[in-house]
1. Examine region 35-47 for a residue that is out of contact with any strand residue (DSSP E or B) (no Cβ under 8 Å at 6 or more places or on another chain), farther than 30 Å from residue 139 by Cβ, loosely packed, with under 11 Cβ neighbours inside 10 Å and at pLDDT below 60, and state whether such a residue exists.
2. Output the number of the condition that residue 103 fails; it satisfies all remaining conditions of (1) touching a helix residue (DSSP H, G or I) at 6+ places or on another chain (Cβ under 7 Å); (2) under 18 Å from residue 57 (Cβ atoms).
3. Hey, can you tell me all the residues within region 111-127 that are at pLDDT 95 or above and over 19 Å from residue 50 (Cβ atoms)?
4. Assess whether residue 59 counts as being buried (at least 16 other Cβ atoms within 10 Å of the Cβ) and assigned to a helix (DSSP H, G or I).
């Protein structure tokens, strides 16, 4: 017997036996008009805030590598620059990396704060509306689980 036919026959027997019960599953009341808007889970700000904060922190941590003598030598030999020109190039690189790190951290940290706030608001909304509750109901056909998972 193919798997699809087996699943269909099992489903039809469950539906048929569920119609024989006199007890219905509990249904949550519809949300009030003021609660019509479901709060965001805050996943997007948390993800992008984490990425930007990580990149900004990495840029900030790697800035001291530019000040090493080995880096100056690589720039001097690779681009055939004088030591003064190599110092200028290194100072520009340090400035650009510092500005980039500041921008990434300046955007990433507030996104993390906003995502955390949205996540807390969603958890409070879920608790107030009973969304996180799991309810079990025993029927002649077996057991039913209701709630949001």
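The values are calculated or read from the model by the stated rules, or taken from the named source; none is laboratory data. Given the structure is predicted, the values throughout are model-derived calculations rather than measurements. With ideal geometry, Cβ positions are generated from the backbone for all residues, glycine too; neighbour counts draw on all protein chains shown.
1. Checked region 35-47: at least one residue is out of contact with any strand residue (DSSP E or B) (no Cβ under 8 Å at 6 or more places or on another chain), farther than 30 Å from residue 139 by Cβ, loosely packed, with under 11 Cβ neighbours inside 10 Å and at pLDDT below 60.
2. Answer for residue 103: the failing condition is (1).
3. Residues satisfying the conditions do not exist here.
4. Details: buried (at least 16 other Cβ atoms within 10 Å of the Cβ): yes; assigned to a helix (DSSP H, G or I): yes.
So residue 59 fits the description; yes.
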